[in-house]
Structure formats: structure tokens, C-alpha cells
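**Q** Can you read through this structure? Questions will come right after.
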Amino acid sequence: MRFLLTNDDGYDAPGLRALHQAVRGLPGVEISVIAPAVAQSGMGHSTTESFTCREARLEGMGQVIVAEGTPPDCVRAALHLPGHPRPDWVLAGINRGSNLGVDIFYSGTVAAAREAAMLGVPAIAISQLVKPAIPDDWPGSARLAAAIIAAITLPGQTAPPSVDQESFQMVRKALLNAALSAVPLFADQPVAPVRARIGSSHRHPQVIPCWNVNLPRPPDSRPPLGACVAPVSSDPPAFSFTQTREGNNATLLTCVSRYHERRATPGTDVALAFAGHITLSILPLG
């Protein structure tokens, strides 16, 4: 199985290294990396008409391709660079900071996964919730990501020995439960039958899966409370603006995020991730 790894934090970000660590222990995998030269966080689904790709070597990851473009550009490069094999799955992340609810419309990480699915390649975007008082734990994020990726990309197979067995079974159970029910794509929409997309592969182009996964950040390195296939919250983001008067009758507006004060409608990805669950959401391509 061929995995393409990309992100929106830049090719030298620790989250990309953690993602590489997560997949390199899976059986029979080939890994390629095409990632942006600089951070592209919050760029959404923007693309570039022309951009340069160059090779670089990173310790622990080997040869990678650095793109002077956006995360969707990286996916496009993977499908059009001469001699680059077409991936079976695109994995985007691990983003430092969650991409929950309406964040999916701003996120470059999610945009890379959505671009892949639009072009016929199943994809998973993975993001890590950040809490100011809790330090990053990239090895822990990599362990969780490995189990999640294996559970999604190896449907019907046993857990590879290299992944955390408890996390794998937790995610597999969530996927099976979702396959037996119907999950709305967004919390305020009627229930939509997404079961056909769960576990689908690139062999069925009419149901290309595009997953958005968020890892919780429980205190004291405790394991997640569980894993849930959850609808995406449509609640608005929480932010305000400071105002600074400038010359020429101009006003400088500066956005101040209140991320952890955002509304968390029960049962949505926001509420479940904030409570300590792994959340998995099927995303629409439009």
C-alpha cells in the first residue's frame, strides 16, 4: 500500500515526522512525502497556478519533496510529477491544533485530504487538539494515529503487531457501529446514509472516503475515553477582534481566538473531542 504524507504546517514540522513514524511500522507500506515549504495553516482549499517542487533529505524520513505551494498543491503534485507513483491513500497531518466543526473550511490539512478524495484517492486528515497547560506529546500522537490509520485502511483485517491493540480495537468498534447506523455529515442536517463510504477504497470511485480525525489531549497522558464516528458541528467559531486606530482614518483589526470557549453541541465532533474522545467524521467533498 502506498501512502502519500502531506500537511499544512510545513515539511519540517514535528507533526509530519510523527505521521511518518505512525505509518512506517505498518506492514507492506511504501511512503512518499510532499509537503509545503512553509506553513500554510488556515489557507483553506486554495491552490496555485504554478509552483516549484524540489527534493530534500530529512533525518529519519529520508528523501522528501518540498513544494512551494499549498497543501492541495502537494496532492496535485503527487498525481502529476513524472515518475511519482499514484498513492493508495493520502494522509494529511498530524496538524498541531484540532480541526473540528467549521474549522474544516479553513484548514489546509483538511483541504489536502478533500483534494485527494476529489481526485479519486481516499484520504485521512489527522489533527491533534492542543491545550495550553499540557505539553505536546508527538510520540503519543503517533501511536494513536498508527492505530487509527490501520483500522481505517485495513478493513476486515486483524491489527498489525506494530500498532497499539487497544486503540485499534476501539477505533474498529466505532467504525463497525457507524456502519450499522446512519450518521449525519453535519449536526444540523437530516441523517444521511454514510455507511457505504466507511471502509470504502479507491476501487469504488463513487464512494471515495474523506475522513477527518481529531485526537484529544487528555491530561496526565491518559488514554482517550473512546472513539466515535461523529457529525461535524456547524456551530460558529469563537473569536473577537481588537481594534487599533491608525493614521489616515484606518483601523487595524486583530483576530483573537477563543477556541476553547466555542459552543459544543452535544454529540458533535467538537463536544466529543473536548471531552476526551477520538473523533472520526466523514466529510462531504463540496
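**Q** If you count the DSSP beta bridges with both ends in the chain, what percent of them are antiparallel, to the nearest 5?
**A** About 40 percent, rounded to the nearest 5.
**Q** Also, I was wondering about something else. With an 8 Å Cα cut-off and a minimum separation of 6 or more residues, compute the relative contact order for the chain in percent.
**A** Result for the chain is 17 percent.
**Q** Find how many whole Å separate the alpha carbon centroid of region 143-157 from the alpha carbon centroid of region 23-77.
**A** Computed from Cα coordinates, the inter-centre distance equals 22 Å.
**Q** So which helices of the chain fit the span-like rule, where a helix is a whole DSSP H run, its Cα atoms reach 18 Å or more along the axis, and its mean Kyte-Doolittle is at least 0.5?
**A** 138-153
**Q** Of the listed peptides 208-221, 98-111, what is their order by residue-averaged count of other C-beta atoms within 10 Å, with the highest listed first?
**A** The packing order, highest mean first, is 98-111, 208-221.
**Q** Provide Rg over Rh for region 116-180; use the alpha carbon set for both Rg and the Kirkwood Rh (inverse mean inverse pair distance).
**A** 1.03
**Q** Relative contact order for region 24-104: what is it in percent, counting Cα pairs under 8 Å that are at least 6 residues apart?
**A** Averaging sequence separation for qualifying contacts and normalising by length gives 28 percent for region 24-104.
**Q** Please give the charge dipole size of region 74-139, origin at the Cα centre, charges +1 on K and R Cβ atoms and -1 on D and E Cβ atoms. Round to the nearest 20 debye.
**A** It works out to roughly 140 debye.
**Q** Can you tell me which of LEU272, LEU144, LEU176 moves the most in a GNM of the chain? Springs connect C-alpha atoms under 10 Å apart.
**A** Of LEU272, LEU144, LEU176, the Gaussian network model singles out LEU176 as fluctuating most.
**Q** Here's something else I'd like to know. Take the Cα pairs of the chain, get the Kirkwood Rh, then feed it into Stokes-Einstein at 10 °C and 1.306 mPa s and tell me D in µm²/s.
**A** Translational D for this selection: 83 µm²/s.
**Q** How large is the Kirkwood hydrodynamic radius of region 41-104, in angstrom, based on all distinct alpha carbon pairs?
**A** When all Cα pairs of region 41-104 are included, the Kirkwood radius is 13.6 Å.
**Q** On to the next question. Quick one: putting +1 on the C-beta of Lys and Arg, -1 on the C-beta of Asp and Glu, what dipole do you get for region 1-130 around its Cα centre, in Debye to the nearest 20?
**A** Charge dipole, region 1-130, about its Cα centre: 240 debye, nearest 20.
**Q** Note down the relative contact order for region 1-142 as a percent, whole number, built from C-alpha pairs under 8 angstrom at least six residues apart.
**A** It comes to 29 percent, rounded to a whole number.
Quick note: the coordinates plus some simple rules give every number you see, no bench work behind them. Fair warning: this is a prediction, and the values are worked out from it, not measured in the lab. Neighbour counts run over all protein chains shown; Cβ positions are idealised from the backbone, glycine included.
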